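The structure appears below as structure tokens.
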Amino acid sequence: MDLGLKLRAKLIGTEAFDGRLDLLRSLASKSDSPERLRRVAKEFEAIFLNILLREMRRTIPKSGLLSGGFIEEMYTFIADREFSRKLAERGIGLWKLIYDQLIGETKGGSDVKA
């Protein structure tokens with residue numbers, strides 16, 4: 001794969017990740033409503049699962065037999081993102097822990113256990 005294409009793919013992935021983090025920041029800062037905090041917690045879980053899937057995929061050795069290059073990288077990036085969103089809809093329980101922590105902070109309680 002051309003070095004420029006590889007760099008572009010990494011930048012696209014980074015920009016998308018940064019964009020999702022910016023979205024979380026804006027959602028969390030606008031209001032402290034429980035529904036908004038729930039959305040932020042679920043989106044954070046989706047981001048976490050996306051990173052988990054991406055890192056798991058990197059551990060699989062590439063044989064070179066079916067290398068799709070830049071298109072394959074973009075497809076797997078998009079597929080992992082959508083798969084992580086679907087996983088987050090069902091949830092692994094992380095969002096609930098984050099939500100409970102955020103709710104405790106907005107109510108001014110420091111007695112919320114992490």
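Shown in residue order for region 51-59 are the 3J(HN,Hα) couplings computed by the Karplus curve 6.51 cos²θ - 1.76 cosθ + 1.60 at θ = phi - 60°: 4, 4, 4, 4, 5, 5, 5, 5, 7 Hz (x for Gly and Pro). In sequence order, region 36-45 has phi-based couplings of 5, 5, 5, 4, 4, 5, 5, 5, 4, 4 Hz under the Karplus curve 6.51 cos²θ - 1.76 cosθ + 1.60, θ = phi - 60°, and Gly or Pro positions carry x. Annotation: the residues SER84, SER63, SER33, sorted from fewest to most other C-beta atoms within 10 Å of their own C-beta, follow the order SER63, SER33, SER84.
Placing +1 at every Lys and Arg Cβ and -1 at every Asp and Glu Cβ, with all other atoms neutral, what dipole size does region 57-104 have around its Cα centre, in debye to the nearest 20? Kindly include the intermediate steps, with their values, before the conclusion.
Details: 8 positive and 6 negative charges, 22 e Å.
So the dipole magnitude of region 57-104 works out to roughly 100 debye.
Modelled spin labels at GLU72 and LEU94, positioned 7 Å past Cα toward Cβ, are 2.7 nm from each other.
Read-outs throughout are calculated quantities, based only on the coordinates presented, and are distinct from any laboratory measurement. This structure is a prediction, so every number in the text was calculated from the model and none was measured. Glycine gets a Cβ as well: all are built from the backbone with ideal geometry, and neighbour counts include every protein chain shown.
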